[in-house]
Structure formats: structure tokens, C-alpha cells
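S.K.: Mind looking over this structure? Questions follow.
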Amino acid sequence: MSHNHEPSALGSARAEAAITTAKTRPASDPVIITIDLDAVAANWRALAGLAGLAECAAVVKADAYGLGAARVVPVLAAAGCRTFFVATLDEALAVRRLIPAHRIYVLDGLLPGQAGAMLEANVEPVLGTLEEVREWAAVCRTIQRRGPAALNIDTGMNRTGLEPPEIDAMMAEPGLIDAFEPTLVMSHLACADDPAARLNGRQREAFEGLIRRFSGVRGSLVASAGLLLGRDWMHDLVRPGYALYGGQPSGIARLPMTLPVVPAVTIEARVIGVRDVERGESVGYGAAWTAARRSQIATIAIGYADGYPRSASNAVRETPGRATDDLSAYAAFCGKRLPLAGHVSMDLVTLDVTDLADKAPKRGDLVELIGPNVPLEEVARAAGTIGYELLTSLSRRAQRIYCGGSQKGERDGQS
Ligand SMILES: *Cc1c(COP(=O)(O)O)cnc(C)c1O
């Protein structure tokens, strides 16, 4: 099964399901983020299938990319995921409360003074500098226990990870590597979303050269995008994040390179009202959109304060010559595309619904801003960013509703 970016039959069915569920909800939430936990679980299973014999972990940093780790992590654990990655100690402690026994790695590594709390909670830092390794080893010696940790080695991204001379120094320092238990050696690809990038092969070669020095320790190189590179890249463990949540890491630039995942996030906002705008009149801040004909404008109750990006605005005047239909963001109602009209405000978005005529949305109706009919990747491109940033920017003001898992139609904050 492959997910493409045209509204597919499956997509429409899911959109209708989301809208049907919405009708059964109180008609008062201005913004509803529906998170399909069954889709997240199905995505993990699909990626685990691609990984073959390699273990498929789950990256749940940044509150599971904005979806809510408290809901997502138990569902992934129930699907069979045994290893989780977060970015920070606080995130690790929160995830530890959800899953007492699974492995949890902290990607940002060890900040000064964190070792005790990590050992106590049985979470493992991904050690990426010699200082971190020395601090971890020292604390392990003090408690006389070889605490488990991952090692991050740099193969060309120059961001985090031990450089080859640091690995030499680590191996040469008496008792250092023996003071703790390396459970994983990992590195990260800089250009995994571009299979033609020559850096990929250079990084893999460097990685395979270096992991030989850690015999018996498992290796991990790829995240979501790297799953498209093939079995040879998967080593012992793969670490997808974004794709679990329905994201296509290759964006839309390199279609049809797609992972077999389905959208898990739908964002809808309620119509406040619909008004007529005469030809020549403008809409919104900066008078940035002018009606080329008599138009109907629907104003909806979402804005950049909810995480809908202001840079997705359809401000024609500020970008003369831009092909509006091609690059602007759009919303959808009953499967029809609705272009944005003018700037995204803090709490409001205006949509051109003229073409829908008497089928236009009415006060209180829900309009889709991201979901099966409006792919995350297209909104991201229109906003000049990536879907990762959109998901992780969704604000807490927006109501999250969970479906699937064992939590049918449940609202966030209730149990
Ligand atoms: C965030 C992250 C991942 C997950 O990346 P996705 O592209 O979301 O799959 C994997 N490994 C590291 C080191 C990361 O920082």
C-alpha cells in the first residue's frame, strides 16, 4: 500500500470518518485535532515490516511530535515496540511512567549532573562526547554498576557524536569503556531524504567501519527517511519518528518516494461566519488579498496561535507573480479545496469559498486544514517549512481528540 498526496479513496473515507465523529462532538470547540491512534499503531507495524530482521524502535521526543506521548507511547508498546527514543531527561521520565520495562534512550545525551536521575529511572543517555562518556563512567564506578548507555558516533553530520579520534581516545583510556555497558552504537544521516546524495554512502561506510570496533554491540543508522534506502541500511535497529505520525519524510519534492504510512493527524476548525466581499475589496491584515470577483469569504476559528503557520498565508500582493493555486495553502470542505484569502491571523483564517456556492460551509461547520484531503506535506511546503515543524508547533490551545487504540473519541485531559 502506498500513500500518495492526491485525496485517495482511503483518504476520503478517513476524512468522512473524522467529520462524522466531529458531528457527534459538542459544537463548541473552535479547533479540533483528531489523532488516530490506530493509524499510529498501523504505521509502526508497517515500518517494522520494512525493517525486516532489524528491530523497529519509536522516536517519541517533543511529546510524540506534538501528538501526545501519554496516548501514543502505550499504543506503540501494545503494538510491540520495545525501544523508545526521546530528546531530554524530562521527556524520558514522563515516558518511563507510562512504560516501566521498555528501553528508553535520551538522544540529547548527558547534560552535566543528570547521570544519577537517569540511572535511577533506568533510562539511557546517547553519549556523544568524550566528556559525557567520562561523566557516565565515573558515576557508574561510584555506584559500582555498569549503567547502560548508547554511543553516538559522528559519520559526517558534525552536530553530535564522537569523532574518530575521540573514539580512539575512549578505547585507549584504561577502564573507561568497561565502566559502563554500551547497548547501542548509533549515527545519524544528514541527507537520508535524498537517495541520490553521495553523503549517504560515505556515512554508511564510515559507520560500518566504526561499529566493528564495538563487537557485540548493536548498530543503528536510520530514521524515517532512511527506511526508504533499503535493507542494507537497517543494521540492528531503526529509529523512525515522523513516519509513525503519518509524515512522509521525503516531503512532496521527491514523490513518489513514499513510506507505507497513513495520516494520523487531522486538524479541523469551525466556521465563525461567511460574508460577501465585493470585487475589488480586500480581506484581512495588510489588505493583502483582493477579491477578483464578488466572493464569499468564510472566517474560521484557527490561527497561528494554534500552530497554523502564518507563513501559509495567501498574500498575493506580497509575493507578486506567485502561482496562487500552486503554492498557497488550502483547506478542504466535503472533499473540495478552499484557498486561503489573505494573511493568517493569530486566531482567524479567511477562506475563499465562492466556488462552493450553496455547498459552502456554514457557521459551526468544521473545515479541514490538515488531514486526508489536505496533506501535511503540502501545507508545510506552502508555509516554507517541513511537516515536522508543523506537528511540533501545534499549540495546547487546540483541543486534541483521540480515536482508535482503546480510547475511542476521548478528549484530551479526561480519562
Ligand atoms: C529525531 C531523530 C530521529 C527520528 O527522525 P525522523 O525523521 O522523525 O524519523 C532519529 N534519530 C535521531 C538521532 C533523531 O534526532
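The values are calculated or read from the model by the stated rules, or taken from the named source; none is laboratory data. As the structure is a prediction and not an experimental result, all values here were calculated from the model. Cβ coordinates were reconstructed from backbone atoms using ideal geometry, including for glycine residues, and neighbour counts include every protein chain displayed.
S.K.: State whether one or more residues within the range 55-63 are at pLDDT 95 or above and more than 30 Å from Gly147 (Cβ to Cβ).
M.R.: No, every residue in the range 55-63 fails to be at pLDDT 95 or above and more than 30 Å from Gly147 (Cβ to Cβ).
S.K.: Right, something else. Answer with yes or no whether Gly209 is of a type outside the set (Ser, Thr, Tyr), farther than 20 Å from Glu132 by Cα and surrounded by 15 or more Cβ atoms within 10 Å (Cβ to Cβ).
M.R.: No: the conditions fail for Gly209.
S.K.: Name the residues in the range 200-226 that are of a type in the set (A, V, I, L, M) and more than 12 Å from Ala57 (Cβ to Cβ), would you?
M.R.: Ala206, Leu210, Ile211, Val217, Leu221, Ala225, listed by residue number.
Yes/no matrix, rows are residues, columns are (1) farther than 30 Å from Leu50 by Cβ; (2) modelled with pLDDT of 95 or more:
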{"site": "Ile267", "(1), (2)": "no, yes"}
{"site": "Ala288", "(1), (2)": "yes, no"}
{"site": "Ile300", "(1), (2)": "yes, yes"}
{"site": "Val316", "(1), (2)": "yes, no"}
{"site": "Leu327", "(1), (2)": "yes, no"}
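S.K.: Another question, if that's okay. Can you find even one residue in the range 43-52 that is surrounded by 20 or more Cβ atoms within 10 Å (Cβ to Cβ) and either in contact with a Lys or Arg (Cβ under 7 Å, 6 or more places away or on another chain) or part of a strand (DSSP E or B) (or both)?
M.R.: Within the range 43-52 (the criterion being surrounded by 20 or more Cβ atoms within 10 Å (Cβ to Cβ) and either in contact with a Lys or Arg (Cβ under 7 Å, 6 or more places away or on another chain) or part of a strand (DSSP E or B) (or both)), the answer is no, since none of the residues qualifies.
S.K.: For residues in the range 174-206 being more than 12 Å from the ligand (Cβ to nearest atom) and in contact (Cβ under 8 Å) with a residue 60 or more places away in the chain, which is nearest to Glu163 (Cα to Cα)?
M.R.: Here the residue is Thr183.
S.K.: Next question. When you go through (1) near the ligand (Cβ under 8 Å from one of its atoms); (2) surrounded by fewer than 24 Cβ atoms within 10 Å (Cβ to Cβ); (3) polar (S, T, N, Q) one by one for Ser250, which number turns out not to apply?
M.R.: Tallying (1) near the ligand (Cβ under 8 Å from one of its atoms); (2) surrounded by fewer than 24 Cβ atoms within 10 Å (Cβ to Cβ); (3) polar (S, T, N, Q), Ser250 fails exactly one: (1).
S.K.: Any residue that is crowded, with 21+ Cβ neighbours inside 10 Å, within 16 Å of the ligand (Cβ to nearest atom), closer than 24 Å to Ala264 by Cα and modelled with pLDDT of 95 or more - is there at least one of those in the range 392-408?
M.R.: Scanning the range 392-408, I find at least one residue that is crowded, with 21+ Cβ neighbours inside 10 Å, within 16 Å of the ligand (Cβ to nearest atom), closer than 24 Å to Ala264 by Cα and modelled with pLDDT of 95 or more, so the answer is yes.
S.K.: What's the total number of residues in the range 230-246 that are modelled with pLDDT under 95 and buried (at least 21 other Cβ atoms within 10 Å of the Cβ)?
M.R.: Adding up the residues that qualify gives 0.
S.K.: Can you tell me how many residues in the range 298-308 are of a type in the set (A, V, I, L, M, F, W, C), surrounded by fewer than 22 Cβ atoms within 10 Å (Cβ to Cβ) and not in a loop (DSSP other than H, G, I, E, B)?
M.R.: 1
S.K.: Being within 16 Å of the chain's Cα centre (by Cα), more than 12 Å from the ligand (Cβ to nearest atom) and crowded, with 23+ Cβ neighbours inside 10 Å narrows it down to one of Val31, Val40, Val86, Val60, so name that one.
M.R.: Val40
S.K.: May I pose another question? Give the range 354-365 a look and list any residue that's in contact (Cβ under 8 Å) with a residue 40 or more places away in the chain and either charged (D, E, K, R) or buried (at least 24 other Cβ atoms within 10 Å of the Cβ) (or both), or say none.
M.R.: Lys362, Arg363, Asp365
S.K.: For the range 264-278, indicate whether the set of residues that are within 16 Å of the ligand (Cβ to nearest atom), over 30 Å from Lys359 (Cα atoms), in contact (Cβ under 8 Å) with a residue 60 or more places away in the chain and crowded, with 21+ Cβ neighbours inside 10 Å is non-empty.
M.R.: no
S.K.: I need the full set of residues from the range 147-168 which are in contact (Cβ under 8 Å) with a residue 12 or more places away in the chain and out of contact with any helix residue (DSSP H, G or I) (no Cβ under 6 Å at 6 or more places or on another chain), in order please.
M.R.: Pro148, Ala150, Leu151, Asn152, Asp154, Met157, Arg159, Thr160, Gly161, Leu162, Pro164, Ile167 - these are the residues of the range 147-168 that are in contact (Cβ under 8 Å) with a residue 12 or more places away in the chain and out of contact with any helix residue (DSSP H, G or I) (no Cβ under 6 Å at 6 or more places or on another chain).
S.K.: I've got another one for you. Among the residues of the range 222-246, write down those that are more than 7 Å from the ligand (Cβ to nearest atom), part of a loop (DSSP other than H, G, I, E, B) and of a type in the set (Gly, Ala, Ser).
M.R.: Scanning the range 222-246 gives Gly230, Gly246.
S.K.: Also, quick follow-up: Would you check which residues across the range 205-221 are of a type in the set (A, V, I, L, M) and in a loop (DSSP other than H, G, I, E, B) and list them?
M.R.: Val217, Leu221
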